[in-house]
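Undergrad: Below are the structure tokens for one structure; questions will follow.
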């Protein structure tokens, strides 16, 4: 789990990426743009400390990037 001030990000096996609000009291799925099988394969998350809103998700063979904290579809950096 990653805590960036008020933003929490969590990758769960078989459930994909989630973000927490209200200090983790509520969680929302943010798998937009990730193929269904890929969302379950996220092995690592990283947040760009320069922006605080750029989120990277690593799977076995690709790195996905969202520039708004997972609010919009992720792009596959390996193919971009």
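The values are calculated or read from the model by the stated rules, or taken from the named source; none is laboratory data. Predicted model only: the values in this text are computed from it and were never measured. Note that we place each Cβ from the backbone using ideal geometry, even for glycine, and neighbour counts take in every protein chain shown.
Undergrad: For the range 29-62, enumerate the residues that are modelled with pLDDT of 80 or more and exposed (fewer than 12 other Cβ atoms within 10 Å of the Cβ).
TA: 43, 44, 49, 50, 51, 60, 61
Undergrad: Filter the range 22-31 for residues that are in a loop (DSSP other than H, G, I, E, B) and under 13 Å from the mean Cα position of the chain (by Cα) and give the result. Quick ask: steps written out before the conclusion?
TA: Our first condition is that a residue be in a loop (DSSP other than H, G, I, E, B); within the range 22-31, this holds for 22-25, 30-31.
Matches in the range 22-31: 30, 31.
Undergrad: Could you please let me know if residue 34 is part of a loop (DSSP other than H, G, I, E, B) and in contact (Cβ under 8 Å) with a residue 24 or more places away in the chain?
TA: Yes; evaluated as a whole, the condition is true for this residue.
Undergrad: If we scan the range 7-21, do we find a residue that is touching a residue at least 60 places away in the same chain (Cβ under 8 Å), in contact with a strand residue (DSSP E or B) (Cβ under 7 Å, 6 or more places away or on another chain) and either surrounded by 17 or more Cβ atoms within 10 Å (Cβ to Cβ) or not in a strand (DSSP E or B) (or both)?
TA: Looking only at the range 7-21, we keep the residues that are touching a residue at least 60 places away in the same chain (Cβ under 8 Å), and these are 7, 9.
Adding the requirement that they be in contact with a strand residue (DSSP E or B) (Cβ under 7 Å, 6 or more places away or on another chain) leaves 7, 9.
Add one more test, that the residue is either surrounded by 17 or more Cβ atoms within 10 Å (Cβ to Cβ) or not in a strand (DSSP E or B) (or both), and what stays is 9.
Yes.
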